[in-house]
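These notes concern the structure reproduced below.
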2 protein chains.
Amino acid sequence: MKMTYTIVELRDYLKRHDIKPSTIRIKVLEYLLNNRIHPTADDIYQSLINDIPTLSKTSVYNTLELFMKKGVVNALSLKEKELRYDINTYFHGHFRCEICGNVYDFPVSEKIIAVEELKGFVIRNVDINVYGICKKCNEKIKNKEEK
Amino acid sequence: MKMTYTIVELRDYLKRHDIKPSTIRIKVLEYLLNNRIHPTADDIYQSLINDIPTLSKTSVYNTLELFMKKGVVNALSLKEKELRYDINTYFHGHFRCEICGNVYDFPVSEKIIAVEELKGFVIRNVDINVYGICKKCNEKIKNKEEK
DNA sequence: ATTTAATTTTGTATTAATTTCAATTTTATT
DNA sequence: AATAAAATTGAAATTAATACAAAATTAAAT
Ligand SMILES: [Mn+2]
Ligand SMILES: [Mn+2]
Ligand SMILES: [Zn+2]
Ligand SMILES: [Zn+2]
């Protein structure tokens with residue numbers, strides 16, 4: 001794992017979002033900032049359990065719940081049983097590869113929902129979820145076919 | 001429930017989609033065509049249990065699974081615990097109201113995902129999910145505030 | 001029409017992600 | 001140091017969805 005953030009930076013990041021910086025919260029935030037793979041709660045738990053042997057899964061859920069409430073993360077509901085979490089809260093779309101399971105980001109214009117049918121509606125959140133085969137996996141398939 | 005479809009029409013609808021028309025499948029299809037509310041599996045079960053007292057929930061799940069495989073319905077994963085099902089398989093977006101829970105359809109251009117970042121990706125499915133407060137609920141809130 | 005095979009449906013048990021919540025531990029305040 | 005507040009833990013509960021074998025229904029073969 002890349003070590004890109006100092007403890008001071010992480011603490012400030014939380015404080016800026018009105019979150020008291022506990023050890024677990026700092027560790028979860030650090031993981032999210034350094035591993036931008038849209039991890040599940042279990043991904044986070046499995047990665048931190050070595051560092052914090054007493055860590056409970058409930059704490060991970062509690063932390064993510066708090067992070068969501070404070071706008072630090074967004075939850076992704078991608079037709080999987082587990083939710084994923086995204087530290088990048090800027091508006092963007094997600095592509096999930098059916099083969100490798102990776103989730104890719106891509107840019108989308110937010111004005112796609114500027115339609116007559118939604119006049120008078122209050123929009124809080126927009127999710128753009130695309131499913132298919134990613135470039136890498138697709139190229140692998142093509143190479144196999146050539147042989 | 002509106003009675004808009006004859007049994008012959010329902011049977012043909014299933015046959016056209018390569019599905020053997022059993023009693024349960026016809027009833028589930030009829031429900032989906034007449035109740036375009038993006039129902040959950042349980043919504044469907046609760047509505048049919050009066051007609052078919054021996055109906056099991058597994059049969060509803062089996063039927064929906066088959067309908068999905070054959071392209072008769074799409075599943076909607078809308079940040080709720082239960083999946084919803086949509087008989088309208090034409091490309092469109094969904095708006096879920098946080099207050100009344102209703103899910104509204106709205107048109108979207110499919111070319112929103114024609115971005116450089118997805119070149120070489122095979123796109124199988126696109127979901128546009130919007131969350132907020134619907135027009136009706138918003139007007140109710142406004143009226144209360146005025147008083 | 002009867003037997004046999006294939007399909008559909010049922011009901012029970014299982015799975016697994018998430019939630020609940022009281023007890024414990026840690027941190028802050030007096 | 002004592003007390004209060006907040007955070008964390010761990011075990012139990014929840015629940016939508018799945019697995020699967022038995023039962024029921026339907027279709028095919030004799
Ligand atoms: Mn993302
Ligand atoms: Mn719809
Ligand atoms: Zn891939
Ligand atoms: Zn509403």
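Give the average, rounded to an integer, of partner chain Cβ atoms located within 10 angstrom of each Cβ in B:92-105.
Working: counts 1, 7, 1, 6, 2, 2, 3, 1, 0, 0, 0, 0, 3, 1.
Taking the mean over all residues of the peptide, I get 2.
How much of the DSSP bridge set in the protein assembly as shown is antiparallel, in percent, rounded to the nearest 5?
Details: 27 of 35 bridges.
Antiparallel bridges: around 75 percent, rounded to the nearest 5.
Taking chain B as a Gaussian network, where each spring joins two C-alpha atoms under 10 Å apart, which residue of B:GLU117, B:GLU98, B:GLU65 fluctuates the most?
B:GLU117
Please list the non-local residues whose amide H lies under 5 Å from the amide H of A:VAL73, H modeled 1.01 Å from N, same-chain partners needing a gap of 5 or more.
Those lying under 5 Å, H to H, from A:VAL73 are A:MET68.
Placing a label point 7 Å from Cα toward Cβ, how far apart in nm is B:SER109 from its equivalents in the other copies, listed shortest first to one decimal?
0.6
How high is the relative contact order of chain B, in percent, counting Cα pairs under 8 Å that sit 6 or more residues apart?
Numbers: 149 pairs, mean separation 25.9, N = 147.
Computed over chain B, the figure is 18 percent.
Inside 10 Å of the C-beta atoms of A:113-120, what's the mean count of C-beta atoms belonging to other chains?
For this peptide, the per-residue mean of nearby foreign Cβ atoms is 5.
Under 5 Å between amide hydrogens, which residues at least 5 positions from B:GLY93 or on another chain qualify, with H placed 1.01 Å from N in the peptide plane?
B:PHE106, B:VAL108
Normalised by the number of residues in the stretch B:65-147, what is the relative contact order in percent for Cα pairs under 8 Å and 6+ residues apart? Intermediate results must be reported in sequence, preceding the final value.
Details: 81 pairs, mean separation 20.5, N = 83.
With pairs under 8 Å counted, the relative contact order is 25 percent.
Report, in deg cm²/dmol and to the nearest 500, the calculated mean residue ellipticity at 222 nm for chain B, where each DSSP H run with n ≥ 4 adds -39500 (n - 2.57) and the sum is divided by the residue count. Please report the intermediate quantities before stating the final value.
Values: 5 runs with 55 residues, N = 147.
Result for chain B, helices only: -11500 deg cm²/dmol.
Using a simple spin-label model with points 7 Å from Cα along the Cα→Cβ vector, what separation in nm is obtained for B:SER56 and B:ALA114?
Calculated label separation equals 4.9 nm.
Could you compute Rg(Cα) / (2.2 N^0.38 Å) for the protein assembly as shown, with N its residue count? Walk me through the numbers on the way to the answer.
Details: Rg = 22.4 Å, N = 294, 2.2 N^0.38 = 19.1 Å.
Its radius of gyration relative to the 2.2 N^0.38 Å reference: 1.17.
Sort shortest first the distances from A:PHE91 to its counterpart in every other copy, using label points 7 Å along the Cα-to-beta-carbon line, and give them in nm.
2.0
Quick one: check the C-alpha center-to-center distance for the stretch A:113-147 versus the stretch B:18-50, whole angstrom.
Between the Cα centre of the stretch A:113-147 and that of the stretch B:18-50, the gap is 29 Å.
State, to one decimal in nm and shortest first, how far the label point of A:TYR61 sits from each corresponding label point in the other identical copies (label point: 7 angstrom along Cα-to-Cβ).
Its label point is 2.0 nm from the equivalent points in the other copies.
We did not get these values from a lab; they are worked out from the coordinates using the rules stated. Since we're looking at a predicted model, the values are computed, not measured. Methodologically, a virtual Cβ is constructed for each residue, glycine included, from the backbone with ideal geometry; neighbour enumeration extends over all protein chains shown.
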